[in-house]
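The values are calculated or read from the model by the stated rules, or taken from the named source; none is laboratory data. All figures in this text were calculated on a predicted structure; none of them were measured in a lab. Virtual Cβ from ideal backbone geometry, glycine too; neighbours counted across all protein chains shown. Ligands, DNA and RNA are excluded from the accessible area calculation, which covers all protein heavy atoms including side chains. Shrake-Rupley method; radii C 1.70, N 1.55, O 1.52, S 1.80 Å.
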Amino acid sequence: MRVLGIETSCDETGIAIYDTEQGIIADALHSQVAVHAEYGGVVPELASRDHIKKTLPLIRQVLAEAKLSSEDIDAVAYTAGPGLIGALMVGACLGRALAYGWNVPALGVHHMEGHLLAPMLEEQPPEFPFVALLVSGGHTQLVDVKAIGCYEVIGESLDDAAGEAFDKAAKMLDLDYPGGPEIAKLAESGDPHRFKFPRPMVDRPGLDFSFSGLKTFTLNLIQKHTVDGPLPDPQTMADIAAGFEQAVVDTVAIKCRRALEQTGYKRLVMAGGVSANRKLRAELGQKLAAVKATVFYARPEFCTDNGAMIAYAGACRLAAGQHADLSVVAYPRWPMDQLEALDHAG
Ligand code: ATP
Ligand code: MG
Ligand code: FE
């Protein structure tokens, strides 16, 4: 079976084909970063219009790359939510229409389920059950995952998402969007211990996060160390970036460890854009190995938004006999624990 995946929930057009025998056989991504750069954030209307321009050419491109025609596609999976409604509608309308035209099933996929399952595309996929750490631009959640579709959110951010905090801190440091990779790069030449960043919420019980304090701390540091000119000296900038990154890594690691203790699971699956962070991957692996837990994550390009994760999640749901009806539905908000569980997982 071959499933075409379409991701258009935000500012990336991702298209891929997943083959149940061979895995991902074609994968294309178009980022809208340049479209939104001058506005300082994603402009929803521009995002929708750009998805309209890019989806069909990218679908043709992946089909050509896989040396397939539309007749070789057995199902079409599209992101049905959560995300920007206009952007979602582009993928949902096109995905539903293509499936109708090709006379194959359509599947409306949950974007965060896509992220969560992306590590399954790697060589040594995790077995169920596990704790999932979802760290992306819009979400920071700890999820008790018993099987595909059996999700219980056991902790989340009370304010900014981890990726959002990276992006906002990057903006304060006059770095480009997306801020996560920029902060990580600057942090390489910084001292993570020069400034004593807080480790928010770690002395309180529970699994919730808060990142807005790190943002305020960053802003105060920048103001305090700006002598002449608009920003502190380059070394101080790097030290701030390193301190910020370390604070996120430490905080996340403490909560993950707590989630593993609470559930008794020995596997942690990290997904979403921030899971591409090299320091987080390395240190979470080390810190959790100390409690005999294994950390799983996707290759970096499948951590941020992509079509592969949508094609894969669609294939899992198709295998369990699910598919969408003929209506085109998209959900800007869609709590994960409302998803339907699969009868047979895996
Ligand atoms: P959501 O998935 O919650 O709807 P999204 O789709 O916008 O949000 P993703 O595409 O999963 O989010 O991830 C993008 C986020 O990941 C951005 O905030 C970006 O700064 C962050 N990010 C990407 N790479 C890194 C990195 N190496 N280190 C830290 N953060 C990173
Ligand atoms: Mg994005
Ligand atoms: Fe995402």
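Taking DSSP loops as anything outside H, G, I, E and B, show the longest stretch in the chain free of trypsin sites (Lys or Arg not before Pro) there with at most 10 other beta carbons within 10 Å. All intermediate terms of the calculation are to be shown ahead of the outcome.
On the way: sites that count: LYS67, LYS196, LYS292, ARG333.
Counting only loop sites that pass the neighbour cut-off, the longest clear stretch is 68-195.
Mind listing which GluC sites (Glu not before Pro) in segment 84-162 are in a DSSP loop and have 15 or fewer other Cβ atoms within 10 Å? Here the sparse-neighbourhood loop sites are GLU122, GLU123, GLU127.
Does segment 1-136 come out rounded, prolate or oblate, given a ≥ b ≥ c as the square roots of the eigenvalues of its C-alpha gyration tensor, rounded meaning a/c under 1.5 and, failing that, prolate meaning a/b above b/c? In terms of gyration-tensor shape, oblate.
Among beta bridges from DSSP that stay inside segment 114-221, the antiparallel ones total about 90%. Spin-label model, GLN262/ARG60: points 7 Å from Cα along the beta carbon direction are separated by 5.0 nm. Evaluated at q = 0.18, 0.23 Å⁻¹, the base-10 log of the normalised Debye intensity for segment 192-311, with identical point scatterers placed on the Cα atoms, takes the values -1.01, -1.28.
Are there any GluC sites (Glu not before Pro) in segment 1-85 that are in a DSSP loop and have at most 13 other Cβ atoms within 10 Å? List them by number. Here the GluC sites (Glu not before Pro) that fit, given the DSSP loop and packing criteria, are GLU21. For the chain, the Kirkwood hydrodynamic radius from C-alpha pairs, put into Stokes-Einstein at 20 °C and a viscosity of 1.002 mPa s, yields a diffusion coefficient of 104 µm² per second. Computing FRET efficiency as 1/(1 + (r/R0)^6) for ARG49 and ILE85, where r is the C-beta to C-beta distance and R0 is 22 Å, gives about 0.95.
Dividing the convex hull volume of the alpha-carbon atoms in segment 124-214 by its residue count gives 141 Å³ per residue.
Using a Gaussian network for the chain with springs between C-alpha atoms less than 10 Å apart, which of these wobbles most: THR218, THR226, THR251? Most flexible of the set in this elastic network: THR226. The value of relative contact order for the chain, using C-alpha pairs under 8 Å at least six residues apart, is 25 percent. Figure note: MET112, MET172 ranked by solvent-accessible area, largest first, 1.4 Å probe, ligands and nucleic acids not counted: MET172, MET112. Potential lengthening of the chain between LYS67 and ASP159 amounts to 28.5 nm, from the contour at 0.36 nm per residue minus the alpha-carbon distance.
When the Gaussian network model of the chain links Cα atoms closer than 10 Å, the mean-square fluctuations of ALA259, ALA290, ALA118 top out at ALA290. Measuring nothing but how far apart in sequence close Cα pairs (under 8 Å, 6+ apart) lie, relative to its length, segment 128-297 scores a relative contact order of 27 percent. Placing unit charges on the Cβ atoms of the charged side chains and taking the dipole of segment 128-297 about its Cα centre, the candidate lying farthest along the positive direction among CYS150, ALA165, ALA290 is ALA290.
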